[in-house]
Amino acid sequence: MARLFSTSADESRVFKNQSALMPSFAPSALLHREAQILEIASALKPALSKARPQNLLIHGPTGTGKTSCARHVISQLSEYDAKVACIYVNCWENPSRQSILSVIAQKLKEALPRRGLADDEIFGRLIERLKYEKKTLVLVLDEVDRLMHQGESELLYGLARAQENHGVVIGIIGITNVPEIFYSLDERIRSSIRFKEIAFEKYSPLQLKDILRERARDSLIPGSYSDEVIALCAAQGARNNGDARIAIDALLQSALKADAMGKNRVEISDVRLVIERSADASLMKNANLMGENELLLMNILKDARDLGKTLTSGEIYSQFNARRAKAGKAAISERQILNYIQMFEAARMISAQLADDPNSKSGKTKLIKLIR
Ligand code: ADP
Ligand code: MG
């Protein structure tokens, strides 16, 4: 019978499963992280006997597998024992105590009234729910540095004291690439959490090659790529601070390029083009090549990162011109500043997330932070 929605010409001769190269893909094997995975698992093991897990702070540069490893361990743990509720929350997406507690409520199927509840009330309900179901909670707070300001870190205190105060066992796994921030945390909070640190080092070029080879096997048609292609993409990740995400993305972009041209092989030249293009984008990363306004923006963002803060576009505008004024320079327009922000975004130096803002004309603002 004729195929209604696809002809052989439509079919990729490169991709077998493109989604295996996407950031959301959970690989079945996490190579070169056996030790860290075991360490996380053994810290959580007490939860199986209703004892308190060791709280963890997982840290290391971007793309070193922190999120993947933590998710891998909790998914096995919750499969193994339904009495351990394992919940993953990204604090970048849920930057307040209230939104984190709401996510937990939702995952525990605790319905909250539409009129909304105060944080403490939600917390109380969660505790009751866990008690009633005789459950232990393991909570992964990814990008937890996002909570280190405006009193949001109180949440950590409440969670860490849940056993003493309410007889409910809660284990916390924080993940961050700016662990320094925790040294400035309130002593009272720090001593109640007592994080054990697990460091994720950047991947070596050989490790990246292994990771890519495995990923290519899942995503590309056999024979459509060579080991040289893998090596070049791995080298791109290695040059960028041993970042597996960048290596995988280089392979994806190269394969997309080959596929778009209808080829049946990813060639070295495809990878080279992809790498050149990203070199253009990352030129901006080299401060020597930056203009004064780019440098100014960079400094504003760095200072914010060091304080564990995220800035709205409005905050950037006002800091920008305040700093220019200090240097005796005239203000520039918001439109111009926005251009610089967009340039940084295109070069993937920052991530910008849309959020509600009752104070702005459009009712929306962007929350902006440096990626690295
Ligand atoms: P981090 O949280 O440290 O920034 P991630 O866990 O998000 O890093 O990993 C980035 C990307 O690299 C993801 O696509 C992930 O699947 C992949 N990755 C990281 N480490 C490994 C590994 N050891 N084996 C296979 N894939 C990995
Ligand atoms: Mg991560």
Practice task
Take the stretch 46-85 and flag every residue that is modelled with pLDDT of 95 or more, away from ligand 2 (no atom under 16 Å from the Cβ) and touching a Cys at 6+ places or on another chain (Cβ under 8 Å).
Solution key: LEU77
Problem - Candidates ILE246, ILE170, ILE211, ILE230, filtered to the one that is closer than 20 Å to SER24 by Cβ, hydrophobic (A, V, I, L, M, F, W, C) and out of contact with any Phe, Trp or Tyr (no Cβ under 9 Å at 6 or more places or on another chain) - result: ILE246
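Could you run through the stretch 146-203 and say how many residues are among the β-branched types (Val, Ile, Thr) and under 29 Å from GLU133 (Cα atoms)?
The qualifying residues number 8.
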Handout entry: Residues satisfying the stated conditions in the stretch 344-368, i.e. farther than 30 Å from ASN240 by Cβ and under 23 Å from the mean Cα position of the chain (by Cα)
Key = ASP356, LYS364
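Can you name the residue in the stretch 185-216 that is in contact (Cβ under 8 Å) with a residue 60 or more places away in the chain, within 16 Å of ligand 1 (Cβ to nearest atom) and surrounded by fewer than 18 Cβ atoms within 10 Å (Cβ to Cβ) and is also farthest from THR62 (Cα to Cα) among such residues? Write out each step before concluding.
Of the stretch 185-216, the ones in contact (Cβ under 8 Å) with a residue 60 or more places away in the chain are 193-203, 207, 210-211, 214-215.
With within 16 Å of ligand 1 (Cβ to nearest atom) added as a condition, the list becomes 197-203, 207, 210-211, 214-215.
Checking which are surrounded by fewer than 18 Cβ atoms within 10 Å (Cβ to Cβ) leaves us with 197, 199, 201, 210, 214.
Details: GLU197: 16, ALA199: 12, GLU201: 10, ASP210: 18, GLU214: 20 Å.
Among residues in the stretch 185-216 that are in contact (Cβ under 8 Å) with a residue 60 or more places away in the chain, within 16 Å of ligand 1 (Cβ to nearest atom) and surrounded by fewer than 18 Cβ atoms within 10 Å (Cβ to Cβ), the one farthest from THR62 (Cα to Cα) is GLU214.
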Completion exercise
Across (1) of a type in the set (Lys, Arg); (2) under 30 Å from GLY237 (Cβ atoms); (3) at pLDDT below 90, LYS361 clears everything bar (2)
Completion exercise
Within the stretch 150-200, residues being in a helix (DSSP H, G or I), closer than 16 Å to LEU126 by Cα and not acidic (Asp, Glu) number 10
Exercise for the section: Could you check, for the stretch 119-135, whether at least one of its residues is assigned to a loop (DSSP other than H, G, I, E, B), in contact with a Lys or Arg (Cβ under 7 Å, 6 or more places away or on another chain) and within 22 Å of GLN54 (Cα to Cα)? Expected result: yes
Handout entry: Test: residue in the stretch 23-38 that is in a helix (DSSP H, G or I), buried (at least 20 other Cβ atoms within 10 Å of the Cβ) and within 14 Å of ligand 2 (Cβ to nearest atom)
Key = yes
Practice task
Return a yes/no flag: does the stretch 321-332 have any residue that is touching a residue at least 24 places away in the same chain (Cβ under 8 Å), surrounded by 14 or more Cβ atoms within 10 Å (Cβ to Cβ) and either in contact with a Leu (Cβ under 8 Å, 6 or more places away or on another chain) or of a type in the set (Ser, Thr, Tyr) (or both).
Solution key: yes
Practice task
Might you check whether a residue that is touching a helix residue (DSSP H, G or I) at 6+ places or on another chain (Cβ under 8 Å), within 12 Å of LEU139 (Cβ to Cβ), away from ligand 1 (no atom under 16 Å from the Cβ) and small (Gly, Ala, Ser) occurs anywhere in the stretch 85-95?
Solution key: yes
Handout entry: So LEU101, is it within 15 Å of ligand 2 (Cβ to nearest atom) and either at pLDDT 95 or above or within 23 Å of VAL169 (Cβ to Cβ) (or both)
Key = no
Exercise for the section: Please go through the stretch 47-95 and pick out each residue that is polar (S, T, N, Q), touching a residue at least 24 places away in the same chain (Cβ under 8 Å) and under 21 Å from LEU370 (Cβ atoms). Expected result: THR62, THR64, THR67, ASN90
Completion exercise
Of the residues in the stretch 126-146 that are surrounded by 18 or more Cβ atoms within 10 Å (Cβ to Cβ), among the basic types (Lys, Arg) and without any contact (Cβ under 8 Å) to a residue 60 or more places away in the chain, the one that is farthest from ligand 2 (Cβ to nearest atom) is ARG129
Practice task
Please find, within the stretch 147-184, the residue that is surrounded by the fewest Cβ atoms within 10 Å (Cβ to Cβ) out of those that are closer than 19 Å to VAL84 by Cα and within 16 Å of ligand 1 (Cβ to nearest atom).
Solution key: GLY174
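The values are calculated or read from the model by the stated rules, or taken from the named source; none is laboratory data. All of these numbers come straight from a predicted model, not from anything done at the bench. A quick note on method: Cβ atoms are made from the backbone with ideal geometry, for glycine too, and the neighbour counts reach across all protein chains shown.
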